[in-house]
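Structure, as structure tokens:
The values are calculated or read from the model by the stated rules, or taken from the named source; none is laboratory data. Computed from a predicted structure; not experimentally measured. Virtual Cβ from ideal backbone geometry, glycine too; neighbours counted across all protein chains shown. Ligands, DNA and RNA are excluded from the accessible area calculation, which covers all protein heavy atoms including side chains. Shrake-Rupley method; radii C 1.70, N 1.55, O 1.52, S 1.80 Å.
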Amino acid sequence: MSSSSKTDKKAAVDAAAWMFNVVTSVVIILVNKALMATYGFSFATTLTGMHFATTTLLTLALRWMKYIQPSHLPVSELLKFVLFANFSIVGMNVSLMWNSVGFYQVRFSKICNVCNLSTVLTWDLQNFPSTTFQIAKLTMIPVSCFLEVVLDNMRYSRDTKLSIGVVLLGVGVCTVTDVSVNTKGFLAAVVAVWSTALQQYYVHYLQRRYSLNSFNLLGHTAPAQAGSLLLVGPFLDYWLTTKRVDAYPYSLTPVLFIVLSCTIAIGTNLSQFICIGRFTAVSFQVLGHMKTILVLILGFVFFGKDDLNFHVIVGMIIAVAGMIWYGNASSKPGGKERRSSPANSSTKFQKLETADADEKV
């Protein structure tokens, strides 16, 4: 196969993976909004545990059918990953409880993008109208950049840095309004942001380091996350909502929505691992803001246009322009690359192996 054909194939797979993540992330927002706002199932951490339990069942079935080959991930690495991921979930929930609405500006649902894992935040949706967007999420990109520079010896060109700044400016303009943060809420947000950035970095690192494709990595991490979240979730949810998950009046319709949410979460979790493995955590965060824009647009279309004003439209335009600029700047030679060192040669080779494995899945 010629180099141009390989490039075209890679671009097509990248686009498909990204669209898969965007579609599943946006659809699960709509499903979870109905589940929480209409049927009052506000047990976010427990629901996230159900998401990972469903994902675990899929990976076990695929392993049984020999679609997933045996792989190795040290227990120490697995524990670090689960620690980062769970601190991210708990930190986001606790920060929301301790901060004002402005710090977690909402427009149509309470979805917290924990490394974009469709984690629904636990709060009364009637008090917070429309889609979630946190100022804390804006800081995720600078933190992810810092981790790549320090841990991966990454270097960004001037255009790449400026394009990231434009994305942050645009998303901030169209989503952030009032801001009021207390000390406890700020500390919880700091924990959430750093743990989320570390978890997303670790997804990319583990795939490179141990030559794991997305299904293999999910097969290792999903059972551990499911078990820990289902164990801690009911207690955390009760603390945040004063409601018990076992006392919820289960009926056919909300159960169907729970099943649908868990099913879609499989695609969201898998596509996140695929995208971070192919794009790195920073690119995933930058492109991830496109989902914020799409959710805003869908909120305006389906839930009214009261918030669709001039500064929101301008913010969307700036953000999209920044994303396009970032895509062009980071793909150019020197736009985003690791500083040359002997260790990086093996790192790049492992990354290519992971990408090839994902294409075969």
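Using the per-residue mean of other Cβ atoms lying within 10 Å as a proxy for protection, in what order, highest first, do the peptides 188-194, 232-238 fall?
Numbers: 188-194: 21.1, 232-238: 18.0.
Put in order of decreasing packing, that is 188-194, 232-238.
Quick one: ranking Phe146, Phe279 by accessible area, 1.4 Å probe, largest first, what do you get? The partial results should precede the final answer.
Numbers: Phe146 110, Phe279 40 Å².
Sorted by accessible area, descending: Phe146, Phe279.
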Next on the checklist: Sorting check: for 69-76, 153-160, which peptide has the highest mean count of neighbouring beta carbons within 10 Å, and how do the rest follow?
Outcome noted: 153-160, 69-76
Checklist entry - Asn213's amide H: which non-local residues (gap 5+, or another chain) put their own amide H closer than 5 Å, with H modeled 1.01 Å from N in plane and none for Pro or chain starts? => result none
Checklist entry - Tally Lys/Arg at +1 and Asp/Glu at -1 over every other residue whose Cβ is under 9 Å from the Cβ of Pro234; what's the total? => result -1
Checklist outcome for this item: Residue-normalised value, i.e. accessible area per residue, for region 8-63 at 1.4 Å probe, in Å², stands at 37 Å²
